[in-house]
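Q: Encoded as structure tokens, here's the structure I'll be asking about.
The values are calculated or read from the model by the stated rules, or taken from the named source; none is laboratory data. What you are looking at is a predicted structure, and each value in this text was computed from that prediction instead of being measured. Ideal geometry is used to build each Cβ from the backbone, glycine not excepted, and the neighbour counts take in all protein chains shown.
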Amino acid sequence: MTVDTTTTIVKKWITKMSLFCGIQFWDSPYRLDITRINQSCYYLPQNKKENHFKIHNRRYLGNKHKLLWLIEHIMAEKCWNIESFCDIFAWTGVVWENFNTENIKIISNDFLHSNYTCLSAFLGTTKDYTDKIIQKIDYLNSLETKEDNYFSKHFGNAYFSIENAKKIWAIREEIEKIAENEKEKNILICSLLYAVDKVANTVGHYDAFRKTLDSVHPIKLQIPEINYNNNIKNNIYKEDANLLIRKISCDVLYIDPPYNSRQYGDAYHLLENLSERKKPNVIWVAKKMDRSHIKSAYCLKNATQAFEDLIRNANCKHILLSYNNTWISKDDRSNARIKDEDIIRILKNRWDVEIFESDYKAFSTGKSNWDWNAERIFYCKVTK
Ligand SMILES: C[S@@+](CC[C@H](N)C(=O)[O-])C[C@H]1O[C@@H](n2cnc3c(N)ncnc32)[C@H](O)[C@@H]1O
């Protein structure tokens, strides 16, 4: 362990203890002012129509719905008269959804095809297809198949019951035949992806499946609740964030990259495989296909350079960055790829930086003594 690392641990420990005791030995572990806000969690509305689903009704890693109130707080305090908002690592899209109105242009991007499909369905559809979608989803739910297929062969009796696996692929094939255009196709595939998550024999991602196959209830597609009128100005992309940043401009740029070495493509390979429908070879127990095209630089050793490049090329007025402050863990895969001091140095190149942190949940009562995991956002007012 280097002296630097030891100093950081001691400093964080003293900070943690001092906060715990209500005393502050120094203002901030970042040597920057922190605005600490004490507010309880933000609850997304759970009311939905029968047989329908909302964008946030799914299980996923790293979603920021618990941070929405903090983002709203910063937006209200710092970002006035906003006309556009870019969520460049969008994943589930819960962050943009919160700001999606007729008058605001949302730019939403994720380089995974499955995420892009759902973002396009919820955010990119402007024409109301509800009646046709209801009919088509009824039809897809009524499909029956006894035949083996690509999905049942590879994922049956592992991630899904054999019956569900057969039906999932049969539905995917049928969508190709019945969708009248790309918009309808995205909505139907999105409905399938959400339904698949609900019958998957996993703990929420596809790095592994549970030994006991007890998720056996039959798959059932539902209808997405899409707010068509709010989507008029929006643009959806499936690009590497560092390439896209060179082509767009916006008032607020929200950045929520992966922060450790765990690749999203590794965790969601199965949804990617299903949405793309290319039938790639899959290997090992977890049945993963080749994922070299969906490796994120933000999970690799050059994450800091990627972040520096992104910030240098950002054409915007405000930057909000979510980035975990994971402790130095024994498992290197969990450690944050970009150091706080690098984040601050890089953001300062574009001007003023402030940190907003939640008091709420600043400490965890988990197993480890080193799991202080404050929710926080770096805010940068861009003037150069
Ligand atoms: C931490 S998640 C974002 C979570 C999101 N804010 C939410 O609340 O649902 C990071 C996302 O970035 C995507 N991603 C990773 N590297 C990317 C890159 N280089 N370009 C575009 N998207 C990327 C991943 O697919 C993943 O969906």
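Q: Pick out, from region 250-358, the strands (runs of 3 or more DSSP E) lying fully within it that include 2 or more residues that are within 14 Å of the ligand (Cβ to nearest atom) and modelled with pLDDT of 95 or more.
A: Correct list: 250-255, 316-322.
Q: Give the residues of region 230-249 that are outside any loop (DSSP other than H, G, I, E, B) and within 9 Å of the ligand (Cβ to nearest atom), sorted by residue number.
A: Y237, A241, N242, L243, L244
Q: Then there's this: Select from region 97-108 the residues that are closer than 15 Å to N63 by Cα and surrounded by fewer than 23 Cβ atoms within 10 Å (Cβ to Cβ) and list them in ascending order.
A: Scanning region 97-108 gives a single hit, N98.
Q: Something else about it: Closer than 22 Å to C380 by Cα and of a type in the set (G, A, S) - does that describe any residue in region 281-299?
A: No, because not a single residue in region 281-299 is closer than 22 Å to C380 by Cα and of a type in the set (G, A, S).
Q: Taking the condition in a helix (DSSP H, G or I) and over 22 Å from Y264 (Cα atoms), does L192 pass?
A: no
Q: Kindly indicate whether any position in region 120-142 is farther than 30 Å from K64 by Cβ, away from the ligand (no atom under 16 Å from the Cβ), crowded, with 23+ Cβ neighbours inside 10 Å and not assigned by TED's automatic domain parsing to the domain that holds I236.
A: Scanning region 120-142, I find no residue that is farther than 30 Å from K64 by Cβ, away from the ligand (no atom under 16 Å from the Cβ), crowded, with 23+ Cβ neighbours inside 10 Å and not assigned by TED's automatic domain parsing to the domain that holds I236, so the answer is no.
Q: Acidic (D, E) and in contact with a Ser or Thr (Cβ under 8 Å, 6 or more places away or on another chain) - does that describe any residue in region 283-294?
A: Scanning region 283-294 turns up no residue that is acidic (D, E) and in contact with a Ser or Thr (Cβ under 8 Å, 6 or more places away or on another chain).
Q: Please pick out the residue among N51, N63, N57 that is surrounded by fewer than 23 Cβ atoms within 10 Å (Cβ to Cβ), in contact (Cβ under 8 Å) with a residue 24 or more places away in the chain, out of contact with any His (no Cβ under 9 Å at 6 or more places or on another chain) and within 25 Å of S358 (Cα to Cα).
A: N57
Q: Kindly provide the set of residues from region 214-233 that are crowded, with 16+ Cβ neighbours inside 10 Å and at pLDDT below 95, ordered by number.
A: S215
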